[in-house]
Amino acid sequence: MKLLLIRHAAAIPRGTPGVPDDERPLTPDGKAKFRVAARGLARVTRRPDLLLTSPLPRARATAEIAARAFANIAPTIEPALARSSVDGIVAALKIHPPDARIALVGHEPLLGALLARLLGAAQGERFAFEKGGAALVDLPDGPAADGRLRWFLKPRILRTLAGPPRITAPRAEPPTVAERRDG
């Protein structure tokens, strides 16, 4: 099993008046930066067979951006990624084929604790994911056995790996009236 762990992109701050923590959306800047980071992800790893996401809005929005970058994959809600434990996530992963490539979009500190567990670290150890950061773990014997860390990247590195911004060539002719109306 190959497991791609992705922390959700930047969301509005915890404690924002009128916004419960479970409902915090991504910020416009968080979305924009993760769109670029997701292109970097798609360049450094193969498309996952399955994209699992926490049901919380900030993770779902991040998963949708990643899904567009990987193309032809739809995010699937996995409740264990929101309020569960590392054991709960490992149990959810065990139902998938051992040769699957799975991406998980979730939250800290749970993702960091999961990564530590997958690498055989001591109980209570964890890796700190930045918002929009990702790690790839090779689990040749499945999620119950120790794996190997392939890479652990900060979001700015993923954005660098995306390459230069896409620039479209100018149109040779101005848009028609119908195109302007539809645009």
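The values are calculated or read from the model by the stated rules, or taken from the named source; none is laboratory data. Fair warning: this is a prediction, and the values are worked out from it, not measured in the lab. Cβ: placed from backbone, ideal geometry, glycine included. Neighbour counts: every protein chain shown. Heads up: the accessible areas ignore ligands, DNA and RNA and are worked out on the full protein's heavy atoms, side chains in. Shrake-Rupley method; radii C 1.70, N 1.55, O 1.52, S 1.80 Å.
Would you kindly compute the Cα radius of gyration of the range 122-162 and its largest Cα-Cα separation (Dmax), both in Å?
Rg then Dmax for the range 122-162, in Å: 12.3, 35.
With a 1.4 Å probe and all protein chains left in place, how much of the accessible area of the chain comes from carbon and sulfur atoms, in whole percent?
On the way: 5340 of 9960 Å².
Its accessible area is 54 percent carbon and sulfur atoms.
Order PHE70, PHE127 by their accessible area, 1.4 angstrom probe, all chains in place, largest first.
In descending accessible area the options line up as PHE127, PHE70.
Which residue fluctuates most in the GNM of the chain (Cα springs below 10 Å): GLY132, GLY124, GLY106?
GLY124
Which shape class applies to the range 9-109: rounded if a/c is under 1.5, otherwise prolate when a/b exceeds b/c and oblate if not, where a ≥ b ≥ c are the square roots of the Cα gyration tensor eigenvalues?
Oblate, since a/c reaches 1.5 and b/c is not below a/b.
Which of HIS107, ALA80, ILE65 sits farthest toward the positive end of the charge dipole of the range 51-109, with +1 on the Cβ of Lys and Arg and -1 on the Cβ of Asp and Glu?
Positive-end residue among those listed: ILE65.
On a 1.4 Å probe surface of the protein chains, which of LYS2, LYS131, LYS94 comes out largest in accessible area, and what is the full order?
Values: LYS2 60, LYS131 90, LYS94 120 Å².
I get LYS94, LYS131, LYS2, largest accessible area first.
Please list the radius of gyration and Dmax for the chain, considering alpha-carbon atoms only, with Å as the unit.
Cα radius of gyration and Dmax of the chain are 18.0, 65 Å respectively.
Please compute P(r) over all alpha-carbon pairs of the range 54-140, binned at 5 Å starting from zero, and give each bin as a whole-number percent.
3, 13, 24, 27, 22, 9, 2, 0
Among all the lysines, which ones have a C-alpha under 27 Å from LYS33's C-alpha, if same-chain residues fewer than 8 places away are not counted?
LYS2, LYS131, LYS154
So if I place +1 on the C-beta of Lys and Arg and -1 on the C-beta of Asp and Glu, and nothing else carries charge, what would the dipole magnitude of the chain be about its Cα centre? I want it in debye, nearest 20. Working shown, then result.
Working: 29 positive and 18 negative charges, 139 e Å.
In debye, rounded to 20, the chain gives about 660.
How much accessible area does GLU64 have with a 1.4 Å probe, in Å² rounded to the nearest 10?
It works out to around 90 Å².
Tell me, how many Å apart are the Cα centres for the range 95-117 and for the range 50-84?
With the range 95-117 and the range 50-84 each reduced to a Cα centre, they are spaced 12 Å.
Solvent-accessible area per residue for the chain at a 1.4 Å probe radius, Å²?
So the chain comes to 54 Å² accessible per residue, rounded to a whole number.
Excluding residues fewer than 8 places away in the same chain, name every one of the aspartates and glutamates whose C-alpha is closer than 19 Å to that of LYS31.
Result set, ordered by chain and number: ASP21, ASP22, GLU23, GLU64, GLU108, GLU130.
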